[in-house]
């Protein structure tokens, strides 16, 4: 018990929570935006992998960190165009199309990485983002190292969550997006172009997913290796349901999730030899399933989610 | 010009669709091979040589096709009833570890004729169990099974990793995390001497035929198709939707578990965490390329096996990353989806 208390009282835990949460926040926001417009985006896992790879590769080849971040976002957007073409223009099964995008984006990442980076014993590294020094805050006792010693993308992710909430619920554009997700035919009768809205939401969402991946290689770690995304994309999809498609709750959900993950990471060494480490590693996935089971029935799903929109066809 | 839904799809079109899709995927991958600075046609020639160039490579391709047929069937059966089982990878691992545990601790002494069927059944049941949970969550709590089956893949792999690190660890493996081997009597008979080719591929092909007959000739087959085409309509017509989906899940999970069992009993004899190079996920592509038809799965699995085995050989001789096989297979899923769209609609002027 005292171990648990020590863990909760350490600034390191809270810093880790924010760090673990960042890719989840960005990924969940991306999936949420897409689903709000009515498109389930299972391409997320692959787009995160590609973002992690291409962002790292850009920096490895001399670009600065923000350029790498931007490259990852643009690459994500490109896959978003692909997913939108399949699901919006052609109206294909969003499940299968998304899985196809994930399979393609991840295998393509490995291919490009293997082609451009020679095999080496230790993977090549870059210098990742350093924690920002915020005057007056970072130097605070406990709170400074716990909450204000993050890298810039973490703050960006939190701002993005607030911004997306604002756009979705306080602007005409947000109303148009939500309306397209609820009833594209009604949206069209109001002069909204559902196809354009869906394209925009999927592409912007995919850009966020690309950034989520880039955070892994440009801030959390400093190198790329296959399978590094480790199901984070699927966890984000679960978090979207958990958040009832609300950006603010998505932020809280990601933080809560990262909190459990951070605690289990720190409990692991304390219980080493008593409890197999694999049981700890299962926790994030089991938590996601539990969150889905609890929230799925209570959540208000966008009514037109997974329904292709074809003008004049019901 | 506008799109019009087709009332009827001619057989020639149904057969041509996957062929066109695969050719398109090969053309797109060709661009990537060219970008890597290699002659494209030569690379494809080497892939064919890598897959069929010798007795060894041909038997390897067929050996690789067996688990792909089983996971492909697992996906095809489930998708037809619109049960999105994306968890074949985890079900495969659970089937594999169950077989390894049962044979090394419990049934190892039994003669082959008894042990092999028992183990195959146990492996299949392990796969079923792992799919019943997400189905229960769907029926009880309306949780989308796509995400839960995906998440359970990671749980299953960690579970296997834990077992082969602790209670099932092979003490003679020099500290490597690998499970104890199954008994010699548990190994599937070989089809050809001096090769790895075992009867698993015959099991898979027989199952494809049986599933085809069940789907086309039985009430259950009709009910499972109805559940996929229009769940609400199926219920209205008196189809017991829940019971049908449970049966479909048992077959689908069972097939994926069987894939793991067959891979252990036919090829590896023990379980490691790299037993499957993504057979579960490739099974989805196989099923889609087959148009969810059980007999088509056999051919689609062969194509996928050719790509994987052939690309290994090509990669060694030409310096193209062997991931090109994964890219081509993934691309063929996307091109197949697009091709399917154009068989459902036609362009009218």
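The values are calculated or read from the model by the stated rules, or taken from the named source; none is laboratory data. Given the structure is predicted, the values throughout are model-derived calculations rather than measurements. We place every Cβ from the backbone using ideal geometry, glycine too, and count neighbours over all the protein chains shown.
Listed values, structure above:
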{"read-out": "Qualifying position, being under 21 Å from residue A:161 (Cβ atoms), away from chain B (no Cβ under 14 Å) and crowded, with 19+ Cβ neighbours inside 10 Å, among A:22, A:28", "value": "A:22"}
{"read-out": "Helices (runs of 4 or more DSSP H) enclosed by the stretch A:62-148 - at least 1 residues per element that are at the interface with another protein chain (Cβ under 9 Å from one of its Cβ atoms)", "value": "A:65-84, A:94-116"}
{"read-out": "Search result, residues across the stretch B:293-324 that are in a helix (DSSP H, G or I) and over 16 Å from the mean Cα position of the chain (by Cα)", "value": "B:310, B:311, B:312, B:313, B:314, B:315, B:316, B:317, B:318, B:324"}
{"read-out": "Inter-residue pairs, beta-carbon under 6 Å, first facing chain A (nearest Cβ under 7 Å) and on the phi > 0 side of the Ramachandran plot and in the stretch B:324-348, second assigned to a strand (DSSP E or B) and surrounded by 18 or more Cβ atoms within 10 Å (Cβ to Cβ), 6+ apart", "value": "none"}
{"read-out": "Residues satisfying the stated conditions in the stretch B:138-158, i.e. surrounded by fewer than 21 Cβ atoms within 10 Å (Cβ to Cβ) and within 7 Å of another protein chain (Cβ to nearest Cβ)", "value": "B:141, B:142"}
{"read-out": "Single match in A:201, A:186 (criterion: crowded, with 24+ Cβ neighbours inside 10 Å and away from every other protein chain (no Cβ under 14 Å))", "value": "A:201"}
{"read-out": "Helices (runs of 4 or more DSSP H) (entirely within the stretch A:231-314) containing at least 2 residues that are touching a helix residue (DSSP H, G or I) at 6+ places or on another chain (Cβ under 7 Å) and free of Cβ contacts under 8 Å to residues at least 24 places away in the same chain", "value": "A:247-270, A:277-295"}
{"read-out": "Among (1) over 25 Å from residue A:46 (Cα atoms); (2) in a helix (DSSP H, G or I); (3) modelled with pLDDT under 95, the one test that residue B:340 misses", "value": "(1)"}
{"read-out": "Residue in the stretch A:74-98 that is farthest from residue A:181 (Cα to Cα), counting only those that are within 20 Å of the chain's Cα centre (by Cα) and surrounded by fewer than 24 Cβ atoms within 10 Å (Cβ to Cβ)", "value": "A:74"}
{"read-out": "Residue in the stretch A:229-249 that is at pLDDT 95 or above, more than 10 Å from chain B (Cβ to nearest Cβ) and either surrounded by fewer than 16 Cβ atoms within 10 Å (Cβ to Cβ) or touching a strand residue (DSSP E or B) at 6+ places or on another chain (Cβ under 9 Å) (or both) present", "value": "yes"}
{"read-out": "Qualifying residue in the stretch B:287-310 (condition: within 9 Å of chain A (Cβ to nearest Cβ) and in contact with a helix residue (DSSP H, G or I) (Cβ under 9 Å, 6 or more places away or on another chain))", "value": "yes"}
{"read-out": "Selected residue [crowded, with 19+ Cβ neighbours inside 10 Å and at pLDDT 95 or above] from B:256, B:234", "value": "B:256"}
{"read-out": "Only one of B:191, B:207, B:202 that is surrounded by fewer than 18 Cβ atoms within 10 Å (Cβ to Cβ) and closer than 24 Å to residue B:287 by Cβ", "value": "B:202"}
{"read-out": "Top-ranked residue in the stretch A:270-314 [being within 8 Å of another protein chain (Cβ to nearest Cβ) and within 20 Å of the chain's Cα centre (by Cα); ranked as surrounded by the most Cβ atoms within 10 Å (Cβ to Cβ)]", "value": "A:288"}
